[in-house]
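Structure first, then comments.
The values are calculated or read from the model by the stated rules, or taken from the named source; none is laboratory data. Since the structure is predicted, the reported quantities are computational estimates derived from the model, not experimental observations. Don't worry about glycine lacking a Cβ; one is built from the backbone with ideal geometry, like all the others, and counts go over all protein chains shown.
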Amino acid sequence: MRAAVFDCHSGISGDMTLGAFLDAGLELAVLEREVRKVGLRGVRLGAKKVRRGAFVGTKFTVSTEAAPAHSAARHTPYSEIVRLLRRSRLAPVVKTLALEIFDRLARAESKVHGLSRAQVEFHEVGAVDSIVDIVGAAAAFHHWGIRKVFVRNLNAGAGDVGHGHHGKMRVPGPGAMELLKGFPVRFVSTKSELVTPTGAAILAALAETTEEVPALTVDRIGYGAGTADLKDRANLLRLTVGEIPEKKFSGDRILVLEANLDDMNPLGFEILYARLFQAGALDVFVVPVLMKKMRPAYKLSVLFEHARKDAVAAIVFAETTTFGVRFLEVDRFILDRSIVRVPTRFGRVAVKIGRANGIPGIASPEYEDCKKIALARRRPFAEVYREARERAAEWISGSARSGPRRAGRRKE
C-alpha cells in the first residue's frame, strides 16, 4: 500500500504541501494540467529551490493576473467553490478529494463563526491560490496512488492571527484549531502561524490522527518551503512517500485497564459490566486470582479504545472497591467482519462473518437473534444456534465458490 508521511516540525500549509510533492519529484506540469481543468484563468504556477535555515527545499508559488473574477474576489461563497469544482474536468477521485477538503474547511468555519455552511464565505481560503493548493494536493495524492497519509511532529506556532473587523486571535486560528481535533499538536513558541487553515484541512480530510507510523519502504523524500525564513527552525515540511507492506490482518492499538478486587461483593459485577459496555468498552472479564497472603480475589480486565480512558476509569472507581487501576497498551489483530442475515427454518438470523484477506472463514450467530427465536418458537437455544451456524457455513461455501452473496436453505 502506497503511503505518505508528513513531518510537520514547522507546521503545514497548502503551498508547503505542494512544494514538498514537487521537491520529491512530482512534475510541475501535472499540477498545471489539473489547474486548467478547474477553469481558472490567468493563473501561473512556479517552483524554485530556496534555503530555509541550513537546508534547501522547494517553494511553490501561485501568481494571478488582475482580471479573473475568481482570483480577484476576496470573499468567495462556499457554494461558488463547490459549483466550480463540480463543473470542472477533474478526474472523479480528484474532484471528490478536493470537495472533501473544502467541506472540512466549511464545517470548521461555520462552527467557529456560528453560521450555516450556506452562509460561509472564504476570504483567505477562497482565494485562487488556495483553490490551486487544494486541487493540486488532491491531484498529487491521486497521481502517486497514495492511499494512506500519516502526520508526525505536528507543531503549531505562537502570536496573533487576524486583523480588521475580524479582530485578533492567537494562532492557530479558530478554524485551523477546529480542524486539528484528534491530532496530537505541540504548541511551540515560534512567533508565526505555522499551521494554516488550508494545511489543517488537508490533514483533517486525508491523514490518520495518530503518530504511530507503520514500517515504510521509502522511495521519495521532499521538502516544501514556507514563505518565512524562521530564526529558530528550518521552515520546511518534509514529505516521505513509500510502500507499507500488505498485512495479512488489520490491527490497532488499544488500552487494557486492570484492577485487583479482594473485598468486592460479586453481585456488583452485573451493573459494572453493563455500565462499562455503555461507556464503549470492547470487552470486560473477571478472572479469579490469589493475592498476597493467599487472599482470594478477582482481577478485572477492561479492553477499550484510548479515547474512552477517563470514562472507563471513572466507572471502575464508582462501581468497585479498588483504590487504583493500571493501564496496559496492547496491539491486536482483528479480522474484518460483516453481518449477514441467513435464512433458517426458524426465520432469518444475523451472523457475524470474519474475513482474512477478504475471504470469509468464521461464522458466529448473533446471540440476541437466537435467543429471541428460541423463546418465540419454544425451541432449545442450542438447536437454533446450530441451525444458524449450518446455514452460515453454506453461505461461506457458496461465497467462496461464486463470489456473490448467497445462502443455502435446508430441505425439510
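It is to be established whether one or more residues within the stretch 365-377 are at pLDDT 90 or above, not hydrophobic (A, V, I, L, M, F, W, C) and not in a helix (DSSP H, G or I).
For the stretch 365-377, residues at pLDDT 90 or above, not hydrophobic (A, V, I, L, M, F, W, C) and not in a helix (DSSP H, G or I): present.
For the stretch 287-308, enumerate the residues that are among the hydrophobic types (A, V, I, L, M, F, W, C), more than 26 Å from G251 (Cα to Cα) and in a strand (DSSP E or B).
Of the residues in the stretch 287-308, the ones among the hydrophobic types (A, V, I, L, M, F, W, C) are 287, 289-291, 294, 297, 300, 302-304, 307.
Those left that are additionally more than 26 Å from G251 (Cα to Cα): 289-291, 294, 297.
Selection gives V289, L290, A297.
Residues V5, V38, V30, V56: which one is among the β-branched types (V, I, T) and within 20 Å of N155 (Cβ to Cβ)?
Going through V5, V38, V30, V56 in turn, the sole match is V5.
Going by what's in this entry, would A259 be described as within 30 Å of R378 (Cβ to Cβ) and among the small types (G, A, S)?
Answer is no for this residue.
Would you pick out the residues in the stretch 14-39 that are assigned to a loop (DSSP other than H, G, I, E, B) and modelled with pLDDT of 95 or more?
A24, G25, L26, E27
Only one of A356, A374 is over 18 Å from F249 (Cβ atoms) and small (G, A, S). Can you tell me which?
A374
Listed here are the residues, each with its yes/no results for (1) touching a Pro at 6+ places or on another chain (Cβ under 9 Å); (2) not basic (K, R).
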| residue | (1), (2) |
| --- | --- |
| F249 | no, yes |
| R253 | no, no |
| E258 | no, yes |
| P266 | no, yes |
| E270 | no, yes |
| R275 | no, no |
| A281 | no, yes |
| V286 | yes, yes |
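Consider the stretch 183-209. How many of its residues are polar (S, T, N, Q) and under 9 Å from the mean Cα position of the chain (by Cα)?
Residues that pass the stated criteria total 1.
Could you tell me whether D252 is among the acidic types (D, E), surrounded by fewer than 19 Cβ atoms within 10 Å (Cβ to Cβ) and out of contact with any strand residue (DSSP E or B) (no Cβ under 6 Å at 6 or more places or on another chain)? Lay out the reasoning, then the answer.
On the way: among the acidic types (D, E): yes; surrounded by fewer than 19 Cβ atoms within 10 Å (Cβ to Cβ): yes; out of contact with any strand residue (DSSP E or B) (no Cβ under 6 Å at 6 or more places or on another chain): yes.
Yes, satisfied.
For the stretch 171-209, which residues satisfy the criterion of being charged (D, E, K, R) and either modelled with pLDDT of 90 or more or not in a strand (DSSP E or B) (or both)?
E178, K181, R186, E193, E208
Name every residue in the stretch 293-308 that is hydroxyl-bearing (S, T, Y) and either in contact (Cβ under 8 Å) with a residue 40 or more places away in the chain or not assigned by TED's automatic domain parsing to the domain that holds G324 (or both), in order of residue number.
S301
Looking at the stretch 210-248, which of its residues are surrounded by 12 or more Cβ atoms within 10 Å (Cβ to Cβ), in a loop (DSSP other than H, G, I, E, B) and within 23 Å of the chain's Cα centre (by Cα)?
T210, E211, V213, P214, L216, I244
With respect to the numbered conditions (1) in contact (Cβ under 8 Å) with a residue 40 or more places away in the chain; (2) in a strand (DSSP E or B); (3) among the β-branched types (V, I, T), which one is the sole condition not fulfilled by I271?
(2) is the only condition that I271 fails.
Checking the conditions here, which among S110, S10, S88 is crowded, with 16+ Cβ neighbours inside 10 Å, without any contact (Cβ under 8 Å) to a residue 12 or more places away in the chain and under 29 Å from E208 (Cβ atoms)? Quick ask: steps written out before the conclusion?
On the way: S10 fails: without any contact (Cβ under 8 Å) to a residue 12 or more places away in the chain; S88 fails: without any contact (Cβ under 8 Å) to a residue 12 or more places away in the chain.
Exactly one residue qualifies, and that residue is S110.
Okay, residues lined up against (1) in contact (Cβ under 8 Å) with a residue 24 or more places away in the chain; (2) more than 25 Å from R275 (Cα to Cα); (3) not assigned by TED's automatic domain parsing to the domain that holds G182:
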site: F323; (1), (2), (3): no, no, yes
site: V342; (1), (2), (3): yes, yes, yes
site: K352; (1), (2), (3): no, no, yes
site: E383; (1), (2), (3): no, yes, yes
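For residues that are within 21 Å of G145 (Cβ to Cβ) and of a type in the set (S, T, N, Q), tally how many sit in the stretch 1-21.
Residues flagged as within 21 Å of G145 (Cβ to Cβ) and of a type in the set (S, T, N, Q) within the stretch 1-21 amount to 1.
Quick grid of which residues meet (1) in a helix (DSSP H, G or I); (2) surrounded by 13 or more Cβ atoms within 10 Å (Cβ to Cβ); (3) modelled with pLDDT of 95 or more:
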{"site": "D310", "(1), (2), (3)": "yes, no, no"}
{"site": "A313", "(1), (2), (3)": "yes, yes, yes"}
{"site": "G324", "(1), (2), (3)": "no, no, yes"}
{"site": "V330", "(1), (2), (3)": "no, no, no"}
{"site": "F333", "(1), (2), (3)": "no, no, no"}
{"site": "R348", "(1), (2), (3)": "no, yes, no"}
{"site": "K352", "(1), (2), (3)": "no, yes, no"}
